[in-house]
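Reading through the structure tokens given below for one structure.
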Amino acid sequence: MRELNADIAIIGGSTGGVAAALAALRAGKSVIMSEETDWIGGQFTSQAVPPDEHHWVEQFGCTRSYRRLRDDIRRFYRDYYPLTPQARSNLTLNPGGGWVSKLCHEPRISHLVLNAHLQPFFATGKLQILLGFRPIAAQSDGDFVRAVTLQNEAGDQITVSAAYFLDATELGEVLPLAGVESVVGAESRDQTGEPSALDVADPHDQQAISYCFALSLHPGENHVIEKPRDYDFWHNYKADFWPDRNLGWLQSHPITLETRQRTLFPMQGRDNWEALWPYRQILRPEHFQEGFAPSLTLVNWPQIDYWLGPIVDVSPEEAQKHLEGARQLSFSLIYWMQTEAPRHDGGEGYPEIRLRPDVTGTLDGMAKYPYIRESRRILAEFTVAEQHVSSDLRPEGAQKFEDSVGVGCYRIDLHPTTALKNYLDVGSQPFQIPLGSLIPQRVENLLPACKNLGVTHITNGCYRLHPVEWNIGEAAGALAAFCLDEKLAPRAVRNSAEKLKAFQKRLESDGVELDWPQLHAV
């Protein structure tokens, strides 16, 4: 078995994992990062989800390195794409024009830009990335993780040892392997004190996953896919809590739970927000020279939320069944839209929409990895709960944390769950990321670097999006590097006013914002 060693091992090349690597590398540390797929970047890339961001992201509320990522994505379009003069002069260009984000763009561009940001550290020999590897075992010695064993699909194994380990996997996979105390699913109200929590905890109550995909529009053409294996099931399936079948245009409003009618394309006399195509459109033809490319959109819509069973802390066979079920649901939605969906202009079916495997970098057209909304979460020194961030519970603003290591802003947005519960979507205040939420209660040298920090099932709903996950990862990478420099454990940094101030000063010098100006809830 091959053995590798670095100062910091980052297991998982997620959005937070890449941010962690950059932070550690900037601090001069050697890094080994593994990634299960062949694309680093997680939500941005292998999961094919345009960035969900808050309203102020162009001015403040993200780290300098995250802003550089956004700037370089725009620069890529300016340098290599045939933009119109108007689009080229737009400093805040939204390539796709989708309204879910101010920067709807192709996942392949994120992949290229993220790799470009890491490239100098390959040249120095400080960085190794192991693509196609996932963790299968870990070695611990008391309160310390000593090594993690990785394996690829061919069965090749690599053991990685390091002074610090960061779990940046989408599901918090290192936590059970290393015996790190964690929680999964929904906690009870007695456990968290949250008004929206359950009466009784349910670890199998987890947010739906989704297999996202890209579609382009080709009027007058026929691109109907082969009928999916499970189409008949999904054609007839309807959950009791949902207003219609998944394969339909009727949906629950996330906030009010009232039934709302959606369409694929805008209709005269209807609000544009009801149309799904422009929602996550990643290439808007009007921004480019005439005839350059068709309209292109990414599908992360309610119809592909898969809630028939969880994939975390179940048997491998059970997890695989639900992963394949989610894929079949996504294929079924495509086929239904192409053949049976009521059209905005009358008639049935949109054969002119085309599945685009080239956009997701796969053979079948699905994203390389499912969109994961909820992970295992560490039992942390401090856990962020609903009462710390909810706008209803804290109308004066979110809880202030003296140990802040960053900021985030998003509604508490929980999609339907595997307990067959509908949306939970309530307002939250612009919030901070407390250092205590990054520190396990017992283990000394493992840190969470994405959605697996000390939050609850409820607050995961606002800590899970792109800029927040990036900030979590960046703070974790910087913390591991700081601890190596100071020869301190992470909890010692938090529990020393002097060391905490020094660490926060380092974060600020690296462009990490620790607090918000006075803002309203979202």
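The values are calculated or read from the model by the stated rules, or taken from the named source; none is laboratory data. Note that the structure is a prediction, hence the values are computed from the model and not measured. Quick reminder, even Gly has a Cβ in these numbers, built from the backbone with ideal geometry, and neighbours come from all protein chains shown.
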Kindly indicate whether Ile158 is touching a Lys or Arg at 6+ places or on another chain (Cβ under 7 Å), under 30 Å from Ala27 (Cβ atoms) and among the β-branched types (Val, Ile, Thr). yes
Could you please let me know if Glu153 is charged (D, E, K, R), surrounded by fewer than 17 Cβ atoms within 10 Å (Cβ to Cβ) and outside any strand (DSSP E or B)? yes
Residue count, the stretch 49-81, condition farther than 21 Å from Arg280 by Cα, assigned to a loop (DSSP other than H, G, I, E, B) and not hydroxyl-bearing (Ser, Thr, Tyr), comes to 4
Take Asn495 and decide whether it is closer than 20 Å to Gln207 by Cβ, at pLDDT 95 or above and either more than 16 Å from the chain's Cα centre (by Cα) or not β-branched (Val, Ile, Thr) (or both). no
Ser110 - would you say it is modelled with pLDDT of 95 or more, under 17 Å from the mean Cα position of the chain (by Cα), under 23 Å from Pro448 (Cα atoms) and not in a helix (DSSP H, G or I)? no
Here are Asn445, Asn460, Asn422: which of them is touching a Lys or Arg at 6+ places or on another chain (Cβ under 7 Å) and either modelled with pLDDT of 95 or more or not polar (S, T, N, Q) (or both)? Asn460
Which numbered condition Thr169 fails, given (1) hydroxyl-bearing (Ser, Thr, Tyr); (2) buried (at least 17 other Cβ atoms within 10 Å of the Cβ); (3) in a strand (DSSP E or B): (3)
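Can you find, within the stretch 201-248, the residue that is farthest from Tyr371 (Cα to Cα) among those that are hydroxyl-bearing (Ser, Thr, Tyr) and touching a Ser or Thr at 6+ places or on another chain (Cβ under 6 Å)?
Checked the stretch 201-248; the qualifying residue farthest from Tyr371 (Cα to Cα) is Tyr231.
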Per the list (1) surrounded by fewer than 24 Cβ atoms within 10 Å (Cβ to Cβ); (2) touching a strand residue (DSSP E or B) at 6+ places or on another chain (Cβ under 8 Å), residue check on Leu446 breaks on (1)
Return yes or no: is Leu217 out of contact with any helix residue (DSSP H, G or I) (no Cβ under 8 Å at 6 or more places or on another chain) and either in the same structural domain as Asp305 (by TED's automatic domain parsing) or free of Cβ contacts under 8 Å to residues at least 12 places away in the same chain (or both)? yes
Output the number of the condition that Lys487 fails; it satisfies all remaining conditions of (1) more than 25 Å from Arg67 (Cβ to Cβ); (2) outside the structural domain of Asp403 (by TED's automatic domain parsing). (2)
Out of (1) within 29 Å of Val299 (Cα to Cα); (2) among the charged types (D, E, K, R); (3) part of a strand (DSSP E or B), the odd one out for Arg146 is which? (1)
Just to confirm my filter: which helices (runs of 4 or more DSSP H) fall fully inside the stretch 410-500 and include at least 3 residues that are of a type in the set (D, E, K, R)? 466-486
Where residues in the stretch 172-194 are within 25 Å of Ala481 (Cβ to Cβ) and either of a type in the set (Asp, Glu) or outside the structural domain of Phe482 (by TED's automatic domain parsing) (or both), which of them is surrounded by the fewest Cβ atoms within 10 Å (Cβ to Cβ)? Glu181
Out of the stretch 344-370, which residues are in a helix (DSSP H, G or I) and over 17 Å from Glu226 (Cα atoms)? Asp358, Val359, Thr360
Considering Arg245, Arg262, which residue is over 23 Å from Ala87 (Cα atoms) and touching a helix residue (DSSP H, G or I) at 6+ places or on another chain (Cβ under 6 Å)? Arg262
Which one of the conditions (1) touching a residue at least 40 places away in the same chain (Cβ under 8 Å); (2) out of contact with any Pro (no Cβ under 8 Å at 6 or more places or on another chain); (3) in a loop (DSSP other than H, G, I, E, B) does His388 fail to meet, given that it meets all the rest? (3)
